[in-house]
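The values are calculated or read from the model by the stated rules, or taken from the named source; none is laboratory data. Predicted, not measured: the structure shown is a model, and the values here were computed from it. Cβ placement follows ideal geometry from the backbone for every residue including glycine, while neighbour counts extend to all protein chains displayed.
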Amino acid sequence: MMLLLKHLLGVFDKMLVDSEVERMFSKSADIDPEVVCFIKLPASYKIKTPIGDYEPDFGLVMKKKSLKNGIEEEYYFVIETKGTNDINDKKTMSESEVYKINCAMKHFTSLGVEVHYKAPVKEFSYFKTEADKTIYAQVGKENGKY
């Protein structure tokens, strides 16, 4: 199912999404004041895995202002939306989807760049909670607290 969605914070003013989960995620991201921009990643963006190519759904840039010094920082995410937030949900996640997501996690970790991969994600509110945890952990490491 391909849906055309009006888009405010992206490179283009419209984007095609593949599912209702992607549509709802996009609508919420599009109105969040901390989201600088986000895109539906093109089909050409592939991660090689032993069982075939994997195509994550979205790239997103989020800004957060430090309470300590007022400086705004940007954080980069790649997101895979699914009908669940639980990678162990056997009713929603196939074995090959779980395997590809695990490969993608290793892929982004091995890159050594500040791109954070979040999967699976069902709704934007869950992503925000997980993103905040990642950001606070990163800030804590940079400040020598962890």
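Exactly one residue among K27, K68, K64, K90 is within 19 Å of A137 (Cα to Cα) and either touching a Cys at 6+ places or on another chain (Cβ under 7 Å) or outside any strand (DSSP E or B) (or both), and that residue is K68.
Here is a check on your reading of the model: is Y76 surrounded by 12 or more Cβ atoms within 10 Å (Cβ to Cβ) and in contact (Cβ under 8 Å) with a residue 12 or more places away in the chain? Yes: the conditions hold for Y76.
Pull up the range 114-138, narrow it to residues that are part of a loop (DSSP other than H, G, I, E, B) and in contact with a strand residue (DSSP E or B) (Cβ under 8 Å, 6 or more places away or on another chain), then point me to the one that is modelled with the highest pLDDT. Going through the qualifying residues, I end up with K122.
Has the range 32-53 got any residue that is closer than 18 Å to F127 by Cβ, buried (at least 19 other Cβ atoms within 10 Å of the Cβ) and not hydrophobic (A, V, I, L, M, F, W, C)? Yes, the range 32-53 contains at least one residue that is closer than 18 Å to F127 by Cβ, buried (at least 19 other Cβ atoms within 10 Å of the Cβ) and not hydrophobic (A, V, I, L, M, F, W, C).
Among all residues of the range 85-105, there is none that is closer than 25 Å to D13 by Cα, basic (K, R) and out of contact with any Pro (no Cβ under 7 Å at 6 or more places or on another chain).
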